[in-house]
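No value in this document is a laboratory result; all are computed from the given coordinates. Computed from a prediction, not measured in an experiment: that's the story for all the values here. Neighbour counts run over all protein chains shown; Cβ positions are idealised from the backbone, glycine included.
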Amino acid sequence: MTDEKPKKHKRTQQVFTLLVEVGRKDGDGLPDGSTGAALMCYAAGVDEDEAVRETVALLKHADLAPLEVTGYGTLQERLAEGHDISDEEKDLMDRALAENSVVVAQTTTFYQDA
C-alpha cells in the first residue's frame with residue numbers, strides 16, 4: 001500500500017473575451033444620464049465559467065451592476081471563427097493571462113433616446 005496521492009491535473013489558464021452589460025447603481029461611476037454600459041473584457045480562467053464568475057465578482061466589487069454576460073471564447077476559438085483581432089487586443093489578452101486578471105478593454109455607455 002502506498003501513500004501516494006492521485007496526481008492532480010494542472011488546468012491551464014486561458015483568456016476569454018467577454019461582453020458584460022451593466023445597469024445603473026449608486027456610485028457606479030457611469031456618466032450622469034446614462035442608462036448603463038457594455039464592457040469588453042478579457043478574463044483569465046481555467047474555463048469560461050470561471051472567467052465569467054471572476055469578472056462578475058470584480059465588477060460588483062467596483063460598484064457596477066452586471067446584468068448579462070456574453071462569451072466569445074478564447075483567442076484560438078475567435079481566430080477559428082474568423083474574427084479579426086488586432087495586436088493591441090492580443091497584448092491586452094496577454095496581460096490578462098500574465099496577471100491572472102480581468103482587463104476591461106473598452107466601455108460603451110448607453111443613453112435612452114429622448
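Shape call for the range 1-101 from the C-alpha gyration tensor, a ≥ b ≥ c root eigenvalues: rounded (a/c under 1.5), prolate (a/b greater than b/c) or oblate?
Oblate, since a/c reaches 1.5 and b/c is not below a/b.
Counting helices only, and only those DSSP H runs with n ≥ 4, report the 222 nm mean residue ellipticity of the chain as the sum of -39,500 (n - 2.57) divided by its residues, in deg cm²/dmol to the nearest 500.
-9000 deg cm²/dmol
How do the peptides 74-82, 36-44, 11-19 rank, highest first, by the average count of neighbouring beta carbon atoms within 10 Å per residue?
The densest-packed peptide leads the list: 36-44, 11-19, 74-82.
To the nearest 0.05, what FRET efficiency results for Thr107 and Asp87 with a Förster distance of 22 Å applied to their C-beta separation?
0.60
Between helix 48-61 and the chain, what is the angle of the helix's C-alpha long axis to the longest principal axis, kept within 0 to 90° and rounded to the nearest 10?
Compared with the principal axis, the helix lies near 50 degrees.
Could you give me the ³J(HN,Hα) list for the range 77-93, computed from phi with Karplus coefficients 6.51, -1.76, 1.60 and θ = phi - 60°, whole Hz, x at Gly and Pro?
In residue order, the calculated couplings are 5, 5, 5, 5, 7, x, 5, 8, 10, 6, 4, 4, 5, 4, 4, 5, 5 Hz.
Over the range 14-111, what is the relative contact order in whole percent, taking alpha-carbon pairs under 8 Å and six or more residues apart?
About 44 percent, as a whole number.
Using only Cα atoms, locate the centre of the range 48-102 and the centre of the range 9-46, then give the distance between them in Å, rounded to an integer.
About 8 Å separates the Cα centre of the range 48-102 from the one of the range 9-46.
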